Amino acid sequence: MADAFREKVLAGKTAFVAGASSGINLGIAQHFARAGARIALISRSHEKITAAAKTITDEGFDAIGMAADVRDFDSVEQSMKRAQESLGNFDIVISGAAGNFVAPALGMSSKGFKTVVDIDLIGTFNVLRASFQYLNRPGASLISITAPQAVNPSVFQSHVCAAKAGINMLTKCLAMEWGPAGVRVNAISPGPISDTEGMARLAPTAEMEQSIKSRIALRDYGDKTDIADTALFLSTDNAKYITGTIVDCDGGSKLGDAGADALGEFA
Ligand code: NAP
Ligand code: COA
């Protein structure tokens, strides 16, 4: 069933993926290529994004990797122009570039706070705003990658909470403004995803990982394919009436501590 769903459902489509040199976003890019899409990828590091694109072309699919910093509108715009010239207008845009570090507000400078807001929130505005002129309209699907911190306040994450909350609201505003043009704008909020830089920073020890798992309804981390499948669904006509939505793909982790202590023998 899963394979039947994935099989070339994106044939003939072009996807632009920002923040795609590693992790969840590279997982989405690879998944979309296997589903038939041509892929343009950007991140800051020329070396990393070239290697990421090669993982896709090595499988026999079309991909170009370009260095671009989402904090710099012109650099994003130029990469999109290049992508559009070689792969055509975009049907799908994924905005997933992010930065995170664990620090109390009193332990970060104004520049530290701004750095994360610039990458996550301003970067998302830049990617979505620059993409509009290159979209196949109507029908395009724009997806930002947000996080549970957007709605769950957290110590040592003030910068990320503020930035991701902004992404959630931006998603809804752009869905309203661009809906009449037939452009859908959604976000995915992943829970803890295994083998990612994000979780390596947030839960660096096995004990912390176990503690987090014990408070998730499904008692486990997700994997990159869980997020890629969610993005795939949102990018097909099956989701043609979904816009302005934040889709949680998190094993129920946003529900609370999921009875970690109270459930006992009923767990
Ligand atoms: P990751 O592998 O570190 O991915 C972040 C990507 O962003 C990298 O490819 C990085 O590449 C790129 N990037 C950073 N700054 C950039 C900039 N200024 N311009 C362009 N690209 C930039 O992290 P991840 O854990 O997979 O996270 C991916 C997304 O999922 C993020 O939006 C994150 O907030 C979200 N998320 C993750 C989790 C999780 O469990 N991991 C949970 C919830 C949400 P370069 O270094 O080459 O620039
Ligand atoms: N605690 C407090 N402040 C920190 C910090 C930490 N752990 N790490 C960085 N900062 C501050 C720096 O001190 C600097 O501020 P200052 O000049 O006033 O001291 C500011 O943040 C910018 O740091 P810099 O290293 O110049 O930024 P950068 O643009 O090169 O890198 C980061 C951005 C800091 C977000 C870096 O961690 C990064 O590149 N992350 C991408 C990967 C990632 O975070 N993946 C997980 C995604 S969920």
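The values are calculated or read from the model by the stated rules, or taken from the named source; none is laboratory data. Computed from a prediction, not measured in an experiment: that's the story for all the values here. Glycine also receives a Cβ, built like all others from the backbone with ideal geometry; neighbour counts cover every protein chain displayed.
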May I ask you to list the residues in the range 82-105 that are among the small types (Gly, Ala, Ser), within 16 Å of ligand 2 (Cβ to nearest atom) and closer than 22 Å to Ser22 by Cα? Ser95, Gly96, Ala97, Ala98, Gly99
Considering residues that are away from ligand 1 (no atom under 13 Å from the Cβ), out of contact with any strand residue (DSSP E or B) (no Cβ under 6 Å at 6 or more places or on another chain), modelled with pLDDT of 95 or more and not in a helix (DSSP H, G or I), the number found within the range 184-216 is 1
Under 7 Å between Cβ atoms, which residue pairs at least 6 apart in sequence (or on different chains) link something in the range 127-149 that is in a helix (DSSP H, G or I) with a partner that is β-branched (Val, Ile, Thr)? Val127/Val70; Val127/Val76; Val127/Val93; Leu128/Val93; Ala130/Val76; Ser131/Val93; Gln149/Val160
Residue count, the range 81-118 (criterion: more than 30 Å from Met208 (Cα to Cα) and in a helix (DSSP H, G or I)): 7
Determine which single condition Ala200 fails, assuming it passes every other condition in (1) within 16 Å of ligand 2 (Cβ to nearest atom); (2) more than 18 Å from the chain's Cα centre (by Cα); (3) surrounded by fewer than 12 Cβ atoms within 10 Å (Cβ to Cβ). (2)
When (1) assigned to a loop (DSSP other than H, G, I, E, B); (2) touching a residue at least 24 places away in the same chain (Cβ under 8 Å); (3) not charged (D, E, K, R) are applied to Leu121, the one that fails is (1)
Residue, surrounded by the most Cβ atoms within 10 Å (Cβ to Cβ), within the range 217-254, restricted to residues that are assigned to a strand (DSSP E or B) and not acidic (Asp, Glu): Gly222
Pick from Lys81, Lys48: which is within 18 Å of the chain's Cα centre (by Cα) and without any contact (Cβ under 8 Å) to a residue 60 or more places away in the chain? Lys48
Based on what the data block shows, is Phe132 away from ligand 2 (no atom under 13 Å from the Cβ), within 14 Å of the chain's Cα centre (by Cα) and surrounded by fewer than 23 Cβ atoms within 10 Å (Cβ to Cβ)? no
Top-ranked residue in the range 86-104 [being of a type outside the set (S, T, N, Q) and farther than 22 Å from Thr124 by Cβ; ranked as surrounded by the fewest Cβ atoms within 10 Å (Cβ to Cβ)]: Pro104
Based on what the data block shows, is Lys172 at pLDDT 95 or above, more than 16 Å from ligand 1 (Cβ to nearest atom) and touching a Gly at 6+ places or on another chain (Cβ under 8 Å)? yes
Between Ile212, Ile227, Ile246, which is β-branched (Val, Ile, Thr), out of contact with any Phe, Trp or Tyr (no Cβ under 6 Å at 6 or more places or on another chain) and over 25 Å from Ala140 (Cα atoms)? Ile212
Restricting to the range 85-115, name every residue that is of a type outside the set (A, V, I, L, M), without any contact (Cβ under 8 Å) to a residue 60 or more places away in the chain and away from ligand 1 (no atom under 11 Å from the Cβ). Glu85, Ser86, Pro104, Gly107, Ser109, Ser110, Lys111, Gly112, Phe113, Lys114
Got at least one residue in the range 151-159 being within 17 Å of the chain's Cα centre (by Cα), outside any loop (DSSP other than H, G, I, E, B) and of a type in the set (S, T, N, Q)? no
Only listed residue being within 25 Å of Gly222 (Cβ to Cβ) and either in a strand (DSSP E or B) or without any contact (Cβ under 8 Å) to a residue 40 or more places away in the chain (or both), chosen from Ile39, Ile24, Ile28, Ile64: Ile39
